[in-house]
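**Student:** Got a structure here, written out as C-alpha cells. Questions coming.
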Amino acid sequence: MTYERSIAAFSRARNVIAGGVNSSVRAFKAVGGSPVFIKSGSGAIVYDVDGHEYVDYVLSWGPLLLGHANPAVTKAIAAAAARGASFGAPTEAETELAELICSMMPSLDRVRFTSSGTEASMSAIRLARGYTRRDKIVKFAGCYHGAADPFLISAGSSALTLGIPSSPGVPRATAADTIVVPYNDPDAVDAAFAAHSGEIAGVIIEPYAGNMGLVLPQSQFLERLRETCTRERAVLIFDEVMTGFRVARGGVQERVGIRPDLTVLGKVIGGGLPIGAFGGSEDVMAYLSPDGPVFHAGTLSGNPLAMAAGIATLKAVRDDFTLFERLDVLTGLLTNGLAAVLEKHGVAHQTAHAGSMFGLFFTADPVVDLASAMKSDTSLYAKYFHAMLDRGILLAPSQFESGFVSSAHSTRDIERTLAAADDAFAEIGAAAP
Ligand code: KE4
C-alpha cells in the first residue's frame, strides 16, 4: 500500500506541531516509517487519509470500548454540545457519571474528575502524600502513569519506546522521591519500605501492566502489596486508567478481589473524550480541596461533553450483562489464533490477554517484568507492524503497548486479522536472514 497523503500530512504537521504529533507514540518512531493520519472511524474500522481501511486494535489507546462513533455515545455528545460545551460550574451530569462509576467500583466512595489520566495520577499521588504527610512513592519499572515528573522514572509506554524512561527535565529532587522496583517482585517492595521506613506515602501500580506490553501479576503479588501497604499505613493506588471498565465491569480490583485505597481512572469512562478521575474511600478523599487541604482544580474537569460520552458508555457497560464475556471470548480467539500462526511459522512468542486487552512479545521466555519484556525482538515487531498495516490491520506502533478489542469487533474481523498475520509471517519469514 502507498501512504502519500499521510506522508504529506505529516510533513505539513511537522511545520507547526513539535514532532508532528500531539502524543509521542503516534509518531511511529518505534516501528519506523511515517505515521498514518486517520480521517474517520466507525465501529471496529478506521480509514486513513489515503482511503485505506483498517481493523483497529489501538482504539484511541483504550477509551473506545464500544468502538468508533458508537451511535449512543455520538448522540449523547451532540445533545450535550447543543446545550453548551462548558460552564465552569457543577452540572448534574458529573454526579450521574460519578454515581455510575461508584456503583460498579465499590472501593470508590468518592471520585474527582480531571481532564487526563496523567492529571488524575498526579493528583492521586499528591493526595496520598498529603494524607500520610510522607513524600516518597513506590512505582514499578515499566509501568506508566502519565507524563508527569514523579512518574517519568523507568516509565513504560512511549517513554520506554523512545528510550527516555527516565526523562531529562525531571529534577533530581523529584526523582529522589520516586522509588522504582521491578514488577512482580513483592520482596523488593518490602525492602523499599524497610529502607525508607515511615517515608513512603504510597505505592502506585498498574494492577495489570499494559504499558510494557501486557504483563500480568503473578500469584499473590497484588495480595502482598495490599498487606504491605496496610501494615506500613501507606496508600495503595491502583492505576486502572487502562484496565478500568475494560478487563471487567469493576476493573482488575473486581477480578482479583482487592480493594486499593485510591484508584486512578480514565479512557473508557470518557468514551473517547478527554477525561481522568481518581477516587477512593470517603476518609482519604475528604482530604481533597475544597473540603480538605490537598489542592486540586481544573478548568474543564467534569466537562459536560466528556460526562455525556462517559455516561452513555458506562450505561452500556452496566446494562449489557454479556459484554465482558463476549469481549473475553473474542480476544481469546485473537490471541490463541496469533499463537497458532506464530507456532506454524516457528516464531518465538509470548501472548497474554485479560478481558479485552491483549499483548504479544517476540521472545521465547516468559515476560514477567520490564527486564524480560526488553528481551523482545523489537525489530521483528516493527516488521510485523508494517506487514499488518499493509494488510489493513492497525496495531499499536510499539512493542511496549497493549492492544484492545471493542464490542464492535466481530469474529469476521478476528479471522481477517489472523489471515493477515499468517500472510505477513510468510513474507517476513521468507525475508528472515
Ligand atoms: P493520559 O494522560 O494519556 O490520559 O493517561 C495517562 C495514563 C495513565 N495510566 C495508564 C495506565 C495509562 O495507560 C495512561 C496512558 N496510556 C497511554 C497508552 N500506553 C496513552 C497513549 C499516549 O500516550 O498517547
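The values are calculated or read from the model by the stated rules, or taken from the named source; none is laboratory data. Because the structure is a prediction, the values reported are computed rather than measured. Because the Cβ atoms are built from the backbone with ideal geometry, glycine has one as well, and the counts that use them run over all protein chains shown. Note: areas computed on protein heavy atoms with side chains; ligands, DNA, RNA excluded. Shrake-Rupley method; radii C 1.70, N 1.55, O 1.52, S 1.80 Å.
**Student:** Restricting attention to region 44-64, and to residues there that are among the aromatic types (Phe, Trp, Tyr) and open to solvent by 30 Å² or more (accessible area, probe 1.4 Å), which single residue is nearest to the ligand (Cβ to nearest atom)?
**Tutor:** Among them, the one singled out is Trp61.
**Student:** Starting from residues that are under 17 Å from Phe324 (Cβ atoms) and within 13 Å of the ligand (Cβ to nearest atom), keep the ones in region 197-220 and report whichever is most open to solvent (accessible area, probe 1.4 Å).
**Tutor:** We begin by selecting, within region 197-220, every residue under 17 Å from Phe324 (Cβ atoms); these are 207-208, 210, 214, 216.
Those still in the list that are within 13 Å of the ligand (Cβ to nearest atom) too: 207-208, 210, 214.
On the way: Pro207: 0, Tyr208: 22, Gly210: 0, Leu214: 4 Å².
My answer is Tyr208.
**Student:** Mind checking whether some residue in region 221-241 is out of contact with any helix residue (DSSP H, G or I) (no Cβ under 6 Å at 6 or more places or on another chain), open to solvent by 50 Å² or more (accessible area, probe 1.4 Å), over 24 Å from Met122 (Cβ atoms) and in contact (Cβ under 8 Å) with a residue 24 or more places away in the chain?
**Tutor:** The answer is yes, given that some residue of region 221-241 is out of contact with any helix residue (DSSP H, G or I) (no Cβ under 6 Å at 6 or more places or on another chain), open to solvent by 50 Å² or more (accessible area, probe 1.4 Å), over 24 Å from Met122 (Cβ atoms) and in contact (Cβ under 8 Å) with a residue 24 or more places away in the chain.
**Student:** Looking at Ala159, Ala194, which is the one that is open to solvent by 60 Å² or more (accessible area, probe 1.4 Å) and not in a loop (DSSP other than H, G, I, E, B)?
**Tutor:** On the way: Ala159 fails: open to solvent by 60 Å² or more (accessible area, probe 1.4 Å).
Result: Ala194 is the single residue among Ala159, Ala194 that is open to solvent by 60 Å² or more (accessible area, probe 1.4 Å) and not in a loop (DSSP other than H, G, I, E, B).
**Student:** Same structure again: Return the residues of region 304-319 that are in contact with an Asp or Glu (Cβ under 9 Å, 6 or more places away or on another chain) and open to solvent by 10 Å² or more (accessible area, probe 1.4 Å); say none if nothing qualifies.
**Tutor:** Of everything in region 304-319, those that are in contact with an Asp or Glu (Cβ under 9 Å, 6 or more places away or on another chain) and open to solvent by 10 Å² or more (accessible area, probe 1.4 Å) turn out to be Pro304, Ile311.
**Student:** Here is a follow-up. Mind listing whichever residues of region 132-172 are within 15 Å of the ligand (Cβ to nearest atom), touching a residue at least 60 places away in the same chain (Cβ under 8 Å) and over 20 Å from Pro207 (Cβ atoms)?
**Tutor:** Hits for region 132-172 are Ser158, Thr161, Leu162.
**Student:** Criterion first (open to solvent by less than 60 Å² (accessible area, probe 1.4 Å) and within 26 Å of Ala27 (Cα to Cα)) does Leu327 satisfy it?
**Tutor:** On the way: open to solvent by less than 60 Å² (accessible area, probe 1.4 Å): yes; within 26 Å of Ala27 (Cα to Cα): no.
So Leu327 fails the test.
**Student:** Out of everything in region 250-260 that is of a type outside the set (A, V, I, L, M) and crowded, with 24+ Cβ neighbours inside 10 Å, what residue ends up being farthest from the ligand (Cβ to nearest atom)? Give the derivation first.
**Tutor:** First pass over region 250-260, keeping only residues of a type outside the set (A, V, I, L, M): 250-251, 253-255, 257, 259-260.
Imposing the further condition that a residue be crowded, with 24+ Cβ neighbours inside 10 Å reduces the set to 251, 260.
Values: Gly251: 11, Pro260: 13 Å.
Top of the filtered list is Pro260.
**Student:** In addition: If a residue must be away from the ligand (no atom under 16 Å from the Cβ) and open to solvent by 50 Å² or more (accessible area, probe 1.4 Å), how many such residues does region 263-295 contain?
**Tutor:** Going through region 263-295 one residue at a time, the tally reaches 8.
**Student:** On to the next question. Do any helices (runs of 4 or more DSSP H) lying entirely in region 1-117 carry at least 2 residues that are among the polar types (S, T, N, Q), under 28 Å from Ala297 (Cβ atoms) and assigned by TED's automatic domain parsing to the domain that holds Ala286, and which ones are they? I'd like the intermediate steps shown before the answer.
**Tutor:** Details: elements: 4-14, 71-82, 92-104.
Hits in region 1-117: 92-104.
**Student:** Determine which member of the set Ala408, Ala387, Ala382, Ala371 is in contact with a helix residue (DSSP H, G or I) (Cβ under 6 Å, 6 or more places away or on another chain), at pLDDT 95 or above and surrounded by fewer than 22 Cβ atoms within 10 Å (Cβ to Cβ).
**Tutor:** Values: Ala408 fails: in contact with a helix residue (DSSP H, G or I) (Cβ under 6 Å, 6 or more places away or on another chain); Ala382 fails: in contact with a helix residue (DSSP H, G or I) (Cβ under 6 Å, 6 or more places away or on another chain); Ala371 fails: in contact with a helix residue (DSSP H, G or I) (Cβ under 6 Å, 6 or more places away or on another chain).
Step by step, each of Ala408, Ala387, Ala382, Ala371 is checked, and only Ala387 is in contact with a helix residue (DSSP H, G or I) (Cβ under 6 Å, 6 or more places away or on another chain), at pLDDT 95 or above and surrounded by fewer than 22 Cβ atoms within 10 Å (Cβ to Cβ).
**Student:** Sticking with this one: I'd like to verify a number: residues in region 19-43 that are open to solvent by 90 Å² or more (accessible area, probe 1.4 Å) and within 15 Å of the ligand (Cβ to nearest atom), how many?
**Tutor:** Narrowing region 19-43 to residues open to solvent by 90 Å² or more (accessible area, probe 1.4 Å): 22, 26, 29, 39.
If we keep only those that are within 15 Å of the ligand (Cβ to nearest atom) too, we end up with 22, 26, 29.
Adding up the residues that qualify gives 3.
**Student:** While we're looking at this one, here's another question. Between Tyr144, Tyr183, which is at pLDDT 95 or above, within 30 Å of Asp377 (Cβ to Cβ), within 19 Å of the chain's Cα centre (by Cα) and open to solvent by 20 Å² or more (accessible area, probe 1.4 Å)?
**Tutor:** Details: Tyr183 fails: open to solvent by 20 Å² or more (accessible area, probe 1.4 Å).
The match here is Tyr144.
**Student:** Within region 1-18, which residues are surrounded by fewer than 16 Cβ atoms within 10 Å (Cβ to Cβ), within 16 Å of the ligand (Cβ to nearest atom) and not β-branched (Val, Ile, Thr)? Can you show your working first?
**Tutor:** First pass over region 1-18, keeping only residues surrounded by fewer than 16 Cβ atoms within 10 Å (Cβ to Cβ): 1-2, 4, 8, 11-12, 14-18.
Restricting the remaining residues to those that are within 16 Å of the ligand (Cβ to nearest atom) gives 17-18.
Scanning region 1-18 gives a single hit, Ala18.
**Student:** May I pose another question? With the structure loaded, tell me whether Phe278 is farther than 19 Å from Ala85 by Cα, free of Cβ contacts under 8 Å to residues at least 12 places away in the same chain and among the aromatic types (Phe, Trp, Tyr) or whether it fails that test. Step through it out loud before you land on a result.
**Tutor:** Values: farther than 19 Å from Ala85 by Cα: yes; free of Cβ contacts under 8 Å to residues at least 12 places away in the same chain: no; among the aromatic types (Phe, Trp, Tyr): yes.
So Phe278 fails the test.
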